[in-house]
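See below for the structure under consideration.
The values are calculated or read from the model by the stated rules, or taken from the named source; none is laboratory data. These numbers were taken from a predicted model, which means no experiment stands behind them. Here the Cβ is made from the backbone with ideal geometry for all residues, glycine too, and neighbour counts use every protein chain on show.
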Amino acid sequence: PGTIYLEDYQAPPYLINRTELHFELGEEDTIVTSRLHLLRAVAEDVPLQLHGQELELLQVSVDNEELAEEAYQLTDDGLLIHQLPEQCVLSCKTRIRPQDNTSLEGLYKSHRMFCTQCEAEGFRKITYYLDRPDVMSVFTVSIEADAKRYPVLLSNGNLLETKPLDNTRHWVQWHDPFPKPAYLFALVAGDLEHIEDSFRTAGGRDVTLRIYVEPKDMGKCDYAMDALKRSMRWDEEVFGREYDLDIFNIVAVDDFNMGAMENKSLNIFNSSCVLAHPDITTDAGYQRIEAIVAHEYFHNWSGNRVTCRDWFQLSLKEGFTVFRDAEFSSDMGSRTVKRVEDVSMLRTAQFAEDAGPMAHPVRPESYIEINNFYTLTIYEKGAEVVRMIHTLLGEENFRAGSDLYFSRHDGQAVTCEDFVRAMEDASGMDLGQFRRWYSQAGTPILSVTDSYDAESNTYTLDVSQRCPATPGQAQKQPFVIPLAMGLLGDAGNLPLTLAGQETDHETEDNTHKVLIVDQERQQFVFDDVRERPVPSLLRGFSAPVRLEYDYDRSALCQLMSRDDDGFVRWDSAQALALQVITEVQQQLSSGAAVVIDPLLSGAFVQLLEDTSLDPAMVAEMLALPGESYLAEQAGEGAADVDLIHRARAAVKQAIGEAAEQVLLARYQALSSVDAYQPSGDQIARRALRNSCLDYLACANGAHLGLAHAQFLSAGNMTDRLAGLRALAFYGAANDWAQPLADFYQDWRHETLVVNQWLQLQAAMPDGGALDRVRGLMEHPDFDLRNPNKVRALIGGFAGQNPVNFHRTDGEGYRLLADVIARLNSINPQIASRLLAPLTKWRYYAGRQDMMRGELQRLAALPELSPDVYEVVTKSLQ
Ligand code: B3K
Ligand code: ZN
């Protein structure tokens, strides 16, 4: 497979002003007839190269005249047509086989339903086309199908007409007035039911909202519908964006490669990201659904009305839209908790990506398979880059920049550069150097030291930045890093006066500043500092960097309990826990006596005793850094999974013992008799209660009874699963075997719950995990062709069960590689995603050769998909 380069970008030589498609859906095959209204965009006569994959060409004609065979050429990846008139209608008739399409890209079947997934390059599996985002076209789509099997026939835009055909078939026609690239095309046909609601836009347009599901899933749609309406209102209020059609549809499908897809007015969702009911959905599930519904809806502007010129610009729509959905979630719930969750994920997974073989800039310069670039870097780091622009410009200028971006580029396919320029033009700010965030890969390290001079009352921060080399980028230029900070004194946060700057008496809050770090080394001097402060750094995680500052434990405790910034309070708890766990690791490996610093449990007891704090925040602060984060922190060649697991468990147990009384007290006090609501309030209480349960069950087998009782009596999935998880993680087989079996019996009819059941068993740290996972792969409810099942069982094992995945006999790696080898031909996108844990081989002391060995075994397979090929070969370099 070849490499595609950004620098090779060329504007398309032909435009497709209008696209007419006709689908004849059948049980054996589907016939697609296209009529493309072409216009040559360049002066000279160039051949037209249409993309096409796995298509059977039946007929091709130009202006209704069938083409002779010598007038066109079928190539490996498409159709080449010579000597076209400057303007013409090209028509192709192709046969495809959606029934056999296991890649879940293009047109395929999920159960009895037809559906599509075209982003990034799936449309070329439907018909010959200029399948690139800078070719935008107005689509008219007609569909005919058996009326009984497929009573519902959907596509983008407005429904123009429906009619019965002969005895059993029917026909519909849809028209989308907004020009769009092919990746936003969608089609759905099935025996579906729907719920309906409506929304009046600020401008007075009444929009019909529908959620279509298989009949079994009616009754699980209300939450998503509410979330959709909240999103629509929020986008009007915060970004001034209104919806632009009279209809907006969502369809839930069980077989889907990712979370959801923002097709114009016909969003298609993985059922796990839209269906909700207290019996089957956890609190985290509800929050995820709200965020994804919002995310896809927000794409209507940031992605559809203004789209990407080419796939190197993917973060233009994804980074911006993740920023938008994160702001939405923050406004709907707790801003600090949302920030903590996002940063925790970013630091664990995106930092690892940035430090690994697949590291790439937010705007990559090359790729082999674009599907491999729907990454945490494009999405989450991309959102951090937008957030930094927001921080640098301020709320008002940012909104002006966003307005300018949308009005200037409405209906266009543009670049990250266009986005940044709109932000500059609206604010008057120069983002020249800031642009390096788009072109340089890797996580910068921000190193801070400080000194205090009691004579002159000056406090000095010395800040330096560096960024590790990444593939293809040995040297990096300094970034622009907004460093939000404050100084904590004995009685609270101190007023800040930067030497040489007038104190700004206008601003209410003079205890908070954003320092701009834009050189390799810089010094910031604060005057009038009357005591030696503790610096509160990188407040709100104001930049996606690794911060180095040598905090002692008492400073961390102070920040944790008293800083003004919620993020810093959480981060200090993490840092303290990290120090303590690392120390225990050293003790364990040197054979020294294990002494767990009581400062940590003391601080946690204090948190638990303070009932004035937000329980959700307390739960976040009590959560010890995860094993993957600890491995990532250890650095290359230094992560010892068993030691990490043992040290972390020992610390957790010690906290559970030391805090037993207050944990029990809060566990009891936080119980609730209210009917389940996925409200911020209730979610916060359940989160803290279940984290108390987790510590108690970890510390003392006697408390497994609490877990069991909760499992039996829970009135919702959050509590039921938390009870089951505590049994499964801290109990012996006779504690969990029966509950797991009962759970399956109770919920086997709900596929989304069965997935949770699979995932829990994959993640359990007991020594039987590998055999259990092998056994579950044979379970009638497991299916290698369903991505949710694969993610739950195989992804759960490789990603959430470090001690078993990294077994010293290499069997964990072998299991994963075996599955990837099979999935390579079934579903290359999923196969490639599953590779992530193996690509981190450099970290794992003593295991590197085994992990590499599996990658090499995969590399040697015949007929490797470009997806797997790219990740495997880059990981081995
Ligand atoms: N844009 C889609 C992702 C498509 C992934 C293709 N491999 C979902 C989203 O980001 O909203
Ligand atoms: Zn998106």
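Within 16 Å of ligand 2 (Cβ to nearest atom), within 24 Å of L159 (Cα to Cα) and touching a strand residue (DSSP E or B) at 6+ places or on another chain (Cβ under 6 Å): does that describe I211?
No.
Scanning segment 722-755 for residues being in a helix (DSSP H, G or I) and in contact (Cβ under 8 Å) with a residue 60 or more places away in the chain gives a total of 5.
Among the residues of segment 401-408, is any of a type in the set (S, T, N, Q), within 30 Å of T839 (Cα to Cα) and either surrounded by 21 or more Cβ atoms within 10 Å (Cβ to Cβ) or within 16 Å of ligand 2 (Cβ to nearest atom) (or both)? Among the residues of segment 401-408, not one is of a type in the set (S, T, N, Q), within 30 Å of T839 (Cα to Cα) and either surrounded by 21 or more Cβ atoms within 10 Å (Cβ to Cβ) or within 16 Å of ligand 2 (Cβ to nearest atom) (or both), which makes the answer no. Residues in segment 304-318 that are away from ligand 1 (no atom under 13 Å from the Cβ) and basic (K, R): R305, R309.
Within segment 254-281, the set of residues being more than 13 Å from ligand 1 (Cβ to nearest atom), in contact (Cβ under 8 Å) with a residue 60 or more places away in the chain and not aliphatic (A, V, I, L, M) comprises D254, D255, S265, S271, S272, P278, D279, T281. Can you say whether A227 is without any contact (Cβ under 8 Å) to a residue 40 or more places away in the chain, within 16 Å of ligand 2 (Cβ to nearest atom) and in contact with a helix residue (DSSP H, G or I) (Cβ under 6 Å, 6 or more places away or on another chain), as far as the supplied structure shows? For A227, the condition - without any contact (Cβ under 8 Å) to a residue 40 or more places away in the chain, within 16 Å of ligand 2 (Cβ to nearest atom) and in contact with a helix residue (DSSP H, G or I) (Cβ under 6 Å, 6 or more places away or on another chain) - is not met. Scanning segment 282-301 for residues that are outside any helix (DSSP H, G or I) and more than 10 Å from ligand 1 (Cβ to nearest atom) gives T282, N300, W301. Residues in segment 658-667 include at least one that is of a type in the set (G, A, S), out of contact with any helix residue (DSSP H, G or I) (no Cβ under 7 Å at 6 or more places or on another chain), at negative phi and modelled with pLDDT of 95 or more.
Residue by residue, here is whether (1) in the same structural domain as S536 (by TED's automatic domain parsing); (2) not in a helix (DSSP H, G or I) holds:
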residue	(1), (2)
F398	no, no
F419	no, no
A422	no, no
L431	no, yes
F434	no, no
D450	yes, yes
E455	yes, yes
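Counted as qualifying within segment 762-877 are the helices (runs of 4 or more DSSP H) with 1 or more residues that are under 28 Å from E121 (Cβ atoms), namely 787-790, 796-800, 811-826, 828-834, 836-839, 848-859, 866-876. Residues of segment 829-839 that are within 19 Å of the chain's Cα centre (by Cα) and of a type outside the set (V, I, T): Q829, A831, S832, R833, L834, L835, A836, P837.
Considering segment 599-638, the residues that are among the charged types (D, E, K, R) and assigned to a helix (DSSP H, G or I) include one that is nearest to K338 (Cα to Cα), namely E620. Per the listing E353, E380, the residue uniquely outside the structural domain of T839 (by TED's automatic domain parsing) and more than 14 Å from T321 (Cβ to Cβ) is E353.
Report whether or not L752 is closer than 27 Å to E627 by Cα, touching a Gly at 6+ places or on another chain (Cβ under 7 Å) and modelled with pLDDT of 95 or more. Answer is no for this residue. Just one of the listed residues (E417, E341, E369, E396) is within 16 Å of ligand 1 (Cβ to nearest atom), modelled with pLDDT of 95 or more and acidic (D, E), namely E369. Among the residues here, G701 qualifies as surrounded by fewer than 22 Cβ atoms within 10 Å (Cβ to Cβ), more than 22 Å from V753 (Cβ to Cβ) and more than 25 Å from the chain's Cα centre (by Cα). Selection of segment 200-224 for residues being in contact (Cβ under 8 Å) with a residue 24 or more places away in the chain and surrounded by fewer than 17 Cβ atoms within 10 Å (Cβ to Cβ) yields T201, A202, G203, R205, D206, T208, P215, M218, G219, D222.
The rows are residues; the columns are (1) among the aliphatic types (A, V, I, L, M); (2) under 28 Å from the mean Cα position of the chain (by Cα); (3) not assigned by TED's automatic domain parsing to the domain that holds K840.
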residue	(1), (2), (3)
M717	yes, yes, yes
A722	yes, yes, yes
A737	yes, no, yes
A741	yes, no, yes
A762	yes, yes, no
D771	no, no, no
N804	no, yes, no
G810	no, no, no
A821	yes, yes, no
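Only residues that are crowded, with 24+ Cβ neighbours inside 10 Å, within 16 Å of ligand 1 (Cβ to nearest atom) and part of a loop (DSSP other than H, G, I, E, B) were counted in segment 120-130, giving 2.
Please go through segment 122-144 and give me each residue that is within 18 Å of E56 (Cα to Cα) and away from ligand 2 (no atom under 16 Å from the Cβ), ordered by number. F123, R124, K125, I126, T127, Y128, Y129, L130, D131 - these are the residues of segment 122-144 that are within 18 Å of E56 (Cα to Cα) and away from ligand 2 (no atom under 16 Å from the Cβ).
Among the residues of segment 96-114, at least one is touching a Lys or Arg at 6+ places or on another chain (Cβ under 8 Å) and farther than 19 Å from Q53 by Cβ.
What are the residues in segment 19-60 that are charged (D, E, K, R) and not in a loop (DSSP other than H, G, I, E, B), if any? Matches in segment 19-60: E20, E24, R35, R40, E56. Looking only at segment 81-107, which residues are in a strand (DSSP E or B) and either among the charged types (D, E, K, R) or away from ligand 1 (no atom under 14 Å from the Cβ) (or both)? Of everything in segment 81-107, those that are in a strand (DSSP E or B) and either among the charged types (D, E, K, R) or away from ligand 1 (no atom under 14 Å from the Cβ) (or both) turn out to be I81, Q87, C88, V89, L90, S91, C92, K93, T94, R95, I96, L107.
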